[in-house]
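Comments concern the structure below.
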Protein chains: 2
Amino acid sequence: MTSIADQLAKKQKEISVSEFFERNRQILGFDSATKALIMAVKEAVDNALDACEEAGYLPEIMVKLDRVDEKEFHLTVEDNGPGIVPGMIPNVFGRLLFGSRFHAIRQSRGQQGIGISATVMYGQITSGKAARITSKTEKDKPAAVKEIMLNTKTNSPVETGEKDKYIMWDEKEHGTRVEINLAGRYIASRQSVLEYLKQTAIVNPHASIIFVDPDGKKSIFNRATDKLPPCTKEIRPHPEGIELGTLMNMGRASRTRNLRDFLKTDFSRVSERVANEICERAKLSESIKTPSMRLEQYKSLLGAMQSMKYLPPQTDCLSPIGEALIRKGLKNVLDETKPEFYSPPVSRAARVYAGNPFQVEVGIVYGGNLTADQQVTILRFANRVPLLYQQGACALTRSIEAVDWRRYGLEQRGGEGIPYGPAIIMVHLASTKVPFTSEAKEAVASIPEIQAEIELALRECGRRLKVHLNKKETKSKTRAKFEIVQEILPLIAQKSAKIVGRPVPQLHGSITKIMNVVWVEDEVKYDKKKHHITINIWNYTPRTVRFNLHAVLPAGSFEMEGAEPQPIEIKEDGKVTWELRHIKATEKSEVKFALLGLDPELYDENELYASGIDPTNIIGADPLPGDWDVQRLSVTEVAAPELAEAVVEEEEEIDYDEQKEALSDD
Amino acid sequence: MTSIADQLAKKQKEISVSEFFERNRQILGFDSATKALIMAVKEAVDNALDACEEAGYLPEIMVKLDRVDEKEFHLTVEDNGPGIVPGMIPNVFGRLLFGSRFHAIRQSRGQQGIGISATVMYGQITSGKAARITSKTEKDKPAAVKEIMLNTKTNSPVETGEKDKYIMWDEKEHGTRVEINLAGRYIASRQSVLEYLKQTAIVNPHASIIFVDPDGKKSIFNRATDKLPPCTKEIRPHPEGIELGTLMNMGRASRTRNLRDFLKTDFSRVSERVANEICERAKLSESIKTPSMRLEQYKSLLGAMQSMKYLPPQTDCLSPIGEALIRKGLKNVLDETKPEFYSPPVSRAARVYAGNPFQVEVGIVYGGNLTADQQVTILRFANRVPLLYQQGACALTRSIEAVDWRRYGLEQRGGEGIPYGPAIIMVHLASTKVPFTSEAKEAVASIPEIQAEIELALRECGRRLKVHLNKKETKSKTRAKFEIVQEILPLIAQKSAKIVGRPVPQLHGSITKIMNVVWVEDEVKYDKKKHHITINIWNYTPRTVRFNLHAVLPAGSFEMEGAEPQPIEIKEDGKVTWELRHIKATEKSEVKFALLGLDPELYDENELYASGIDPTNIIGADPLPGDWDVQRLSVTEVAAPELAEAVVEEEEEIDYDEQKEALSDD
């Protein structure tokens, strides 16, 4: 007699990873014909960019879509990367979970070894045809051509074409061409191949991308810079947040002589002193050999490691977009909408989650022709790759939803959710390991450390938006008052004079008495490789005024030219102070200077403060924060130092355990 | 000289599937300590329920969480399933992508062969300890005990404990006990182990579940029925939406003699006639052998197959929750909130996406103590498993967001997004293959066919809600008018009479002239296994009225008892008609009856219509739809047939290609 368990046992079997994904291709992002086309382009382009950067070549990428029939497309993606040695081609394109970057701790677009093989698999499922790879690795050699299919039962490549086929490919010194036939649907709307490539070009301005659409229409995204982003460096794991299992695996595989060496050598940011301290706290001998350590010893070690403070991770493993580029990128997308305000982009310092370094960058754009009555537009990027899908599932979105935007001038029901208003919010996450929610890499998982960082960056951006909106509001109110006073008062004076038969009185004094403000109006123009800044100060008070005017210029390498009057102080971190003496009632004063050597995108709005004057009497410059001297200020940091303090407090207050709970709660 | 390609080639290597998930466990749902605990319980309980149902046993499941230290828990999940033969235990628990249900086309909770092994892996990563499995497969035999770890480099199980260990396990005839140590965080809030088990109990009322929390507090969910849901049957693939790759794989692997036999035998819903027609349309010989067919022939075959209409799939492969259970479930959760309205749950007929049958069920609850000022609560279920996470990423949510709820009485900005109001919306998707967005099975991917079905079901529910709200509003307005008229008119009469010194006039006539309505007030009570229905009809018109009153009772097996007056017609589909003659002005008439044999949950609000009377003169019963006789009506169908027509139209209007585009657009 066989038991039910025996009968059931007969059905048990192993499933190959490709069989799994063949049946679950929505997990890979191939869940509709439109999306499949974008995914295929994305996987091939990500690979091309990674390969070019790894080899130190400025990427030149060509993407072409040809219609085969009503449902089928022929996709060609060509790059000038280093090529792939012929022996590796079958595995790279015909085996899921095969790749070179999986174990490397540094930022790259592809890491999983799934994307391109998944695309080949999708192509063969829907078109029945093999992918064709052409690869040239050296200038004077011919290019290898291989036709690859994927045996999904075994997750292994099958070469279907002629063996050892080579062709001449003279127009390229090296490079790879990938051709895949696949079912798809071509659209030209918001979520499209073109949009994906456009956004890719924005955050990869060192790449040239050409796209030929199915109707033969060519779109060219020329590179905006000849400078490759610095090649990201592989680092060792950071000890913060490392996990027991990982620690044990590392310890058992380590070739170091003893525990102290293991800590010093196999981790980053662990010095000899720190290593000794960890051993002491763990009550473990420094000379114990890690492969022989028992579970309980590893637990003590982990506890000791987590009780220490470490330097933040090195940042050369990361490749953030950078302020200038974020601005340029945003301006690029928004050219026609002419927004009134670009928040200075906020780049946070690198942090760590579970031993993985990451860095967030955030920018906000406001006003102009942007639609006021809808949810704000969200632009998400991870490791310089635009994320077009799964916005609702993404931690980047969730961070935006978690901020109370009502405080920063946007409309938001109950202070949570995506805010409404004429704004675009951009978030970029750079990490050695972006924690995607699925293999399709469309959304970032809710990691408390990441969300907390993004929220801090967003609040900082939000504050700047609010400052801008406040300034705008005060100015417009005061301006209205001005106009009324300046138009009506003279009329009244004339009428009254006529009635009583006296001469029209001088009104300057009365107008200024009524207004009683110093009006600051500033402007930035970029011309002939210089930023030209003009600040006009009108004294609409009945007194002579005297005060100090302060501007915050971007910290770093720029040169100030032709300042008039000369500032009384220029600090290294970009803070500049002018002394304005004796501006008489109803008179105007002017401050002028030019800035050299700054990226045009990096400076387009002055940040002005005033001291030595009653803040209620000045419009257009905020009161100087009290700790101007102690608090380091830069564009990347915080506009108003009292806010910076608030940030620090908030940072200290974070309870990650609580956060974890709150964040998982989606 | 080695080329860059050569250098890069050295780094290429295969990644084991477990290594991949070890580094990407957020994809498996283990992305926070709180969530990890819920995921672990979920995977083990899903397996237990599937095993019991497969073997035909009423599930008895015990879940226990013990605290090991500050971070670590010991999880025990015990079932009375058929057990697992000892030889299979290592692979089932220690190898990812190993299982018995992956290729079966029928509804089950687990299918991927990932969940429980992933939990074992997470446990070992975070606790360093092996999982322990105890399994008893036959009454008189001892239980096998195995300790399993997972070698992530090779994705294979390692037995760490004593070999061939057996123990006596007398309290169970058969069953499995899974014990896993893992890092976690126990909370008792909305997204918690307890909540997960509670919702599981709701949609699996045939299961008994006991939960002992880390403080030793026991929660018992007793089974509400001794009837197992019918065991789902394996079916062959449905030809609708089948894909080229799948078709070619099937054709090449088929053991049938020729193309006609292949179509008839390897697909469901393909008759000899249909098979012949397909061959003809494809211009292929019926006797061609499928393994020898070429790509172009398969493409013709696919085209022909997709041009045909098929019967919808058999539904015995699915296990929907059913109306009674949905109501019971919702009432269970909502006991304390006492909602004023439970929409009759809408179960749509089974449909197909990409060859996979599916069925959606939807319910809405409104009012009572539910919070009016927040977003509605969404309860999502897939194959009888509650989905607690990733609400924003889920097609079930997206369908809710796509409906213009303003038409149905809920608040919603711009007619899209999650509506606001005192309501709960429940959606269940049953399918032989639920297209989850990731291995964590937390959200359903945007499949146009599925979303379209859910939207149709939601609109149907929405219309009923609107009917309810309209009725409520009309009644309350009329009631207010009544009260005013009835209070004030007599006072005016008295005063006037006093002033003019005449007797107070009879007002019945005047009041009814002013009101001029027939007022219908109905009530349902459940007592002594009967539903007692009373319908009161007041004639507040100045005339004697006569009209027909119609009620829609649930179609199917119930008995009507003690009806007074006797209905003039009772139809099989539940439509009942009374003739009400001669209700004199200001007089009242009554209709009473009882219903036997109905689940108490299944009937709690009467659906009343009136004919033979001006609809503007009757409050509390809707005008009888014109096609009462031709249109089949049941609780599951549509309340008002003119709406049903609208539904059909909408169904016909669907352009899936357009939908696809729109839906991918998240």
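The values are calculated or read from the model by the stated rules, or taken from the named source; none is laboratory data. Here the structure is a predicted model, which means the values were calculated and not measured. Because the Cβ atoms are built from the backbone with ideal geometry, glycine has one as well, and the counts that use them run over all protein chains shown. Only protein heavy atoms, including side chains, enter the accessible area calculation; ligands, DNA and RNA are left aside. Shrake-Rupley method; radii C 1.70, N 1.55, O 1.52, S 1.80 Å.
Sites listed here are trypsin sites (Lys or Arg not before Pro) in region B:578-620 whose DSSP assignment is loop and whose Cβ has at most 14 other Cβ atoms within 10 Å: B:584. The dipole here belongs to region B:222-368: it is taken about the Cα centre, uses +1 on the Cβ of Lys and Arg and -1 on the Cβ of Asp and Glu, and is about 440 debye. Here the simple spin-label model places points 7 Å from the Cα toward Cβ, and for residue B:226 and residue B:162 these points are separated by 4.0 nm.
Dipole of region B:13-159 computed with +1 at Lys/Arg Cβ and -1 at Asp/Glu Cβ about the Cα centre; of B:142, B:58, B:126, farthest Cα towards the positive end is B:126. Close amide H pairs (under 5 Å, H built 1.01 Å from N) link residue A:103 with no residue at least 5 positions away or on another chain. Comparing B:209, B:237, B:196 along the charge dipole axis of region B:144-244, the residue lying farthest to the positive side is B:196, per the Cβ-charge model. Among A:197-210, B:205-218, sorting by the average number of other beta carbon atoms lying within 10 angstrom of each residue, highest first, gives A:197-210, B:205-218.
Calculated FRET efficiency, residue B:308 and residue B:474, Cβ-Cβ r, R0 51 Å, to nearest 0.05?
0.55
For residue B:231, the solvent-accessible surface computed with a 1.4 Å probe is close to 80 Å², ligands and nucleic acids excluded.
Can you grab the distance from the C-alpha centre of region A:258-279 to the C-alpha centre of region B:492-514, Å, no decimals? Using only Cα atoms to place each centre, the spacing works out to 101 Å. Basic side chains Lys and Arg get +1 at the Cβ, acidic Asp and Glu get -1 at the Cβ, and with that the dipole of the protein assembly as shown about its Cα centre reaches some 60 debye.
Residues of region B:431-474 that become at least 40 Å² less accessible with every protein chain present than in their own chain isolated, using 1.4 Å: which are they? Flagged in region B:431-474: B:433, B:437, B:439. Rounded to the nearest 20, the Cβ-based charge dipole of region B:265-333 about its Cα centre (Lys and Arg +1, Asp and Glu -1) stands at 300 debye.
Ranked from largest, the principal axis spans of the Cα set of region B:1-111 equal 70, 41, 26 Å.
Counting from the shortest, the label point at residue A:416, 7 Å from Cα toward Cβ, is 2.4 nm from the same position in each remaining copy. Association of chains B and A removes close to 8200 square angstrom of accessible area from solvent, both sides included, for a probe radius of 1.4 Å. Over chain B, accessible surface divided per residue gives 42 Å², non-protein components excluded, 1.4 Å probe. The calculated 222 nm mean residue ellipticity attributable to helices in chain A amounts to -10000 deg cm²/dmol, summing -39500 (n - 2.57) over DSSP H runs of n ≥ 4 and dividing by all residues.
Take residue A:499, push a point 7 Å out from Cα through the beta-carbon direction, and compare it with the same point in every other copy: 5.4 nm, smallest first.
Dividing the C-alpha radius of gyration of the protein assembly as shown by 2.2 N^0.38 Å, with N its residue count, gives 1.08.
Directionally averaged projected area (region B:369-416, Cα convex hull): 4.2 nm².
Within the accessible area of the protein assembly as shown, the carbon and sulfur atoms contribute 48%, probe 1.4 Å, all protein chains present.
Return the whole-Å distance between the Cα centroid of region A:23-38 and the Cα centroid of region B:114-146. Going from one Cα centre to the other spans 35 Å.
Of all the Cα-Cα pairs you can form in chain A, what percent are over 48 Å apart? Looking at chain A, the distances longer than 48 Å represent 29 percent of pairs. For region A:443-562, dividing the convex hull volume of the Cα atoms by the residue count gives 225 Å³ per residue.
The Rg/Rh ratio for region A:480-525 is 1.16, where Rg is the radius of gyration of the alpha carbons and Rh is the Kirkwood radius.
Cα-Cα over 29 Å: which of A:466/A:575; B:529/B:575; A:163/B:283; A:136/A:331; A:198/A:477; B:11/B:163? Over 29 Å apart, Cα to Cα: A:163/B:283; A:136/A:331; A:198/A:477; B:11/B:163. Take each residue in A:21-29, count the other chain C-beta atoms within 10 Å of its C-beta, and the mean is 5. Mean per-residue shielding of peptide B:167-174 is 0, counting Cβ atoms of other chains within 10 Å of each Cβ. For region A:436-498, the calculated P(r), taken from all Cα-Cα distances in 10 Å bins from zero up to the bin holding the longest distance, is 18, 20, 17, 14, 12, 9, 7, 3, 0 percent. Once both labels are positioned 7 Å from their Cα atoms along Cα-to-Cβ, the gap between residue A:516 and residue A:497 label points is 2.6 nm. Across region A:342-480, the fraction of Cα-Cα pairs farther apart than 24 Å, rounded to a whole number, is 29%. For residue A:306, the distances from its label point to the matching points in the remaining copies are 5.3 nm, ordered from shortest, with each point set 7 Å beyond Cα toward Cβ. Comparing B:312, B:107, B:47 along the charge dipole axis of chain B, the residue lying farthest to the positive side is B:47, per the Cβ-charge model. Computed on the Cα trace of region B:220-361, the radius of gyration divided by the Kirkwood hydrodynamic radius gives Rg/Rh = 1.18.
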